[in-house]
1. Less than 10 Å Cβ to Cβ from ASP50, Lys/Arg counted +1 and Asp/Glu -1: what total charge do the surrounding residues give?
2. If you take every residue apart from SER76 with its C-beta less than 14 Å away from the C-beta of SER76, what net charge results, scoring Lys and Arg +1 and Asp and Glu -1?
3. Using θ = phi - 60° and the Karplus relation 6.51 cos²θ - 1.76 cosθ + 1.60, list the HN-Hα couplings for the range 18-23 in order, rounded to whole Hz, with x at every Gly or Pro.
4. If I stretch the segment between ILE17 and TRP30 completely, what's the gain in nm (0.36 nm per residue apart, minus their alpha carbon distance), one decimal?
5. What FRET efficiency do you get for SER44 and PHE79 if R0 is 22 Å and r is their Cβ-Cβ distance, rounded to the nearest 0.05?
6. Let a ≥ b ≥ c be the square roots of the eigenvalues of the Cα gyration tensor of the chain; is it rounded (a/c under 1.5), or, if not, prolate (a/b larger than b/c) or oblate?
7. I want to verify a result. In a Gaussian network model of the chain, Cα cutoff 10 Å, which of these has the top mean-square fluctuation: VAL43, VAL83, VAL31?
8. With contacts defined as alpha carbon pairs under 8 Å and 6 or more residues apart, what's the relative contact order of the chain in percent?
Amino acid sequence: MLFLIHNSQACLSVNSIDFTFYIASDNNDWVVGRTLISGGSAVSTTNHEDCTAKIPGAIWIWDSILETEPCSALFSKHFFVPVIPYSATLYISSDDSHIVTINGIHANCDSFTSLSCRIGYEIICDVLNLINPGLNLLEIYANTIAGPASLLYKLEIKSKIS
Ligand SMILES: [Ca+2]
């Protein structure tokens with residue numbers, strides 16, 4: 001989890017601080033998949049070259065470095081939101097498809113083709129209504145029907161510190 005405070009003034013009013021943080025696909029994602037049937041940490045994939053999508057701060061992941069078999073994987077990550085956010089945006093791409101839930105509620109961020117893995121076709125969706133102050137859970141069910149398998153995402157949350 002990366003924290004950014006977008007204000008570099010010398011004398012800050014606490015109310016003026018725009019607090020932004022994000023979680024992103026990385027080796028801290030928990031994944032249950034074909035090669036990690038009991039679960040484990042996601043790994044960086046090496047077979048995503050056909051997927052040109054870019055989401056800064058995120059890396060392409062799966063449950064194995066070089067998956068080529070048709071299969072599914074469930075990725076999950078808990079994250080803590082300290083105050084009520086005013087913005088929450090999910091950027092996500094997958095090879096080949098994905099379904100997203102946040103706190104067990106379906107988010108409107110799915111893709112059912114591999115198009116989202118191409119640059120310019122990343123899925124971008126507003127998930128503010130699904131984020132709660134406190135502990136949250138992001139779950140992504142991803143599937144590949146042939147060839148390489150990869151997932152790339154970033155969830156950016158913005159709050160005002162008061
Ligand atoms: Ca694939």
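Readers should treat all values here as calculations from the given coordinates under stated rules, not as data from a laboratory. Just so you know, these numbers come straight off a predicted model, no measurement behind them. Cβ coordinates were reconstructed from backbone atoms using ideal geometry, including for glycine residues, and neighbour counts include every protein chain displayed.
1. Neighbour charge sum, excluding ASP50 itself: -1.
2. Net of charged neighbours comes to -3.
3. After applying 6.51 cos²θ - 1.76 cosθ + 1.60, I find 9, 9, 10, 9, 9, 10 Hz.
4. Separation in residues times 0.36 nm, less the Cα-Cα distance, equals 1.5 nm.
5. Numbers: r = 20 Å, r/R0 = 0.92.
The computed FRET efficiency comes out at 0.65.
6. It is prolate, given that a/c is not under 1.5 and a/b is the larger ratio.
7. VAL83
8. Dividing the mean separation by the residue count of the chain yields 32 percent.
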